[in-house]
Amino acid sequence: MVLNKPEEPTLCGQAADNHPAGVTVNGSYGTPNGLDGELLVMAREGRLTGIRRTRADLVEDWLDRGMTAEETCKRLSAYNRSVTLAVLEAHAENHPWLRECAFLEFGSGGRDEQVLGSDQDNGLLLRVDPDLEELESAAQSVVMALDGAGMPLCGGGVMISNPLWRGDFDQWLHRLTGWLSNPAEKGAWQSGLILDFRSVFGPKRDVLLLRQRLWEYVRTKPLALALLVDELTNYRLPLTFYGAFVTEKDGPWQGFLDIKHSVLAHLTNSARILALKYDIMPPNTCDRLRALAEVGHVSSGHAKALLDSWDYLQRKRLTIGLACERESVSPHNYVRPSAMDAEEKAQLKAAIHAVEKLVHLVQAGSGL
């Protein structure tokens, strides 16, 4: 049974993905554009486990060649999409209905900001009604194949193996707007994650329309936007009044600082809120900051400081990931300020102060 399809979207200047995931052939979807033949063979034969080392080698090479963290993250995200595309195409050969569905990538993948160890955050937009047992089996097989290829399972269950992350267009729209409007029905992390997504495989138009409808909902519902700002106020930036770093007080990370959740998340969320308010379309945080500065919503000097901060923090996460890969341990986001030299401490403090200024801009309601 074919599900009802939504009307064609008006894209309002929104660009299509840089990496097309499907081509229309006489009304049906054929082999995706950009599909890597070697990766497809490896996916068919279940040999993707070896590319974990390849992924780390690529990141190390890109950094050694002097690429920025922004460019490195974009390249890594594109590489991970190529792997995902190969896994899905291999599964679609046994489950052809998959080509009629859209595979969604949320969060850092949707923003082109993945680092080594970024986990899976995905969903499936159904345009057909496959056998439930076959759907469950295919979904579980896809996420396990991606895990084997070095994209870890999501601890929060944001994967197509979870029925909450599958559904038709109307189900997705109802679910996502419900999460955004009722804080009791979602985790605090979900709003940011569900607002940044893209299509990796299958038809794109429904995904673009879903994103447009969701952003319109937030922009036209003061309560939804207020809840996003409220989530931001719950964060505490990791510097005391006297300029000392606020680190973990106990546990295995005692004396360490989580640069992702204590600093970088504030930057990402603040840039997203301003992009929502001013209808800034790029999904990538750095591109959002440049666009906001270009139209005067963030000063050029502050935007440069934020871009420098983003690059510093993401580069740290990339180098931590490489070190963890060499030691065969799971990547993390922690740094020990007491082990830093004076220059790096100053860099970290400058990043925190730049992000704090952006958070205050959003909290003060600057045009919201």
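The values are calculated or read from the model by the stated rules, or taken from the named source; none is laboratory data. These figures come from a predicted structure and were not determined experimentally. Note that we place each Cβ from the backbone using ideal geometry, even for glycine, and neighbour counts take in every protein chain shown.
Tabulated data for the structure shown
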quantity: Residue match in region 187-195 (condition: under 25 Å from residue 349 (Cα atoms) and surrounded by fewer than 18 Cβ atoms within 10 Å (Cβ to Cβ)); calculated: yes
quantity: Evaluation of residue 212 against (1) surrounded by fewer than 22 Cβ atoms within 10 Å (Cβ to Cβ); (2) within 16 Å of the chain's Cα centre (by Cα) (one fails), failing number; calculated: (2)
quantity: Hits in region 190-211 (condition: within 12 Å of residue 177 (Cα to Cα) and not small (Gly, Ala, Ser)); calculated: 190, 194, 195, 210, 211
quantity: Every residue from region 262-316 that is charged (D, E, K, R) and in contact with a His (Cβ under 9 Å, 6 or more places away or on another chain); calculated: 277
quantity: Meets criteria (over 23 Å from residue 60 (Cβ atoms) and within 19 Å of the chain's Cα centre (by Cα)) for residue 318; calculated: no
quantity: Per-region count, region 64-109, residues farther than 17 Å from residue 145 by Cα and among the acidic types (Asp, Glu); calculated: 4
quantity: Out of 105, 60, sole residue that is among the charged types (D, E, K, R) and in contact with a Leu (Cβ under 9 Å, 6 or more places away or on another chain); calculated: 60
quantity: Search result, residues across region 77-104 that are within 22 Å of the chain's Cα centre (by Cα) and farther than 16 Å from residue 37 by Cβ; calculated: 77, 78, 80, 101, 102, 103, 104
quantity: Odd one out for residue 67 among (1) among the hydrophobic types (A, V, I, L, M, F, W, C); (2) under 18 Å from the mean Cα position of the chain (by Cα); (3) at pLDDT 95 or above; calculated: (2)
quantity: Check on residue 330, small (Gly, Ala, Ser), touching a helix residue (DSSP H, G or I) at 6+ places or on another chain (Cβ under 7 Å), at pLDDT below 95 and under 23 Å from residue 117 (Cβ atoms); calculated: yes
quantity: When residues of region 150-170 are limited to those that are in contact (Cβ under 8 Å) with a residue 12 or more places away in the chain and in a helix (DSSP H, G or I), the one nearest to residue 81 (Cα to Cα); calculated: 165
quantity: From the options 263, 229, 298, residue that is among the aliphatic types (A, V, I, L, M) and surrounded by fewer than 19 Cβ atoms within 10 Å (Cβ to Cβ); calculated: 229
quantity: Hey, residue 170 at pLDDT 90 or above, acidic (Asp, Glu), within 29 Å of residue 116 (Cβ to Cβ) and more than 16 Å from the chain's Cα centre (by Cα) or not; calculated: no
quantity: Unique match (being surrounded by fewer than 20 Cβ atoms within 10 Å (Cβ to Cβ) and of a type in the set (S, T, N, Q)) among 114, 140; calculated: 140
quantity: Lone qualifier among 242, 217 - being out of contact with any His (no Cβ under 8 Å at 6 or more places or on another chain), part of a helix (DSSP H, G or I) and hydroxyl-bearing (Ser, Thr, Tyr); calculated: 217
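Okay, residues lined up against (1) among the acidic types (Asp, Glu); (2) more than 23 Å from residue 339 (Cβ to Cβ); (3) surrounded by fewer than 16 Cβ atoms within 10 Å (Cβ to Cβ):
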{"residue": "221", "(1), (2), (3)": "no, yes, yes"}
{"residue": "235", "(1), (2), (3)": "no, yes, no"}
{"residue": "238", "(1), (2), (3)": "no, no, no"}
{"residue": "244", "(1), (2), (3)": "no, no, yes"}
{"residue": "247", "(1), (2), (3)": "no, no, no"}
{"residue": "280", "(1), (2), (3)": "no, yes, no"}
{"residue": "290", "(1), (2), (3)": "no, yes, no"}
{"residue": "293", "(1), (2), (3)": "no, yes, no"}
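Yes or no, residue by residue, for (1) among the small types (Gly, Ala, Ser); (2) under 24 Å from residue 254 (Cβ atoms); (3) assigned by TED's automatic domain parsing to the domain that holds residue 59; (4) crowded, with 18+ Cβ neighbours inside 10 Å:
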position: 302; (1), (2), (3), (4): no, no, no, no
position: 313; (1), (2), (3), (4): no, yes, no, yes
position: 327; (1), (2), (3), (4): no, yes, no, no
position: 335; (1), (2), (3), (4): no, yes, no, yes
position: 343; (1), (2), (3), (4): no, no, no, no
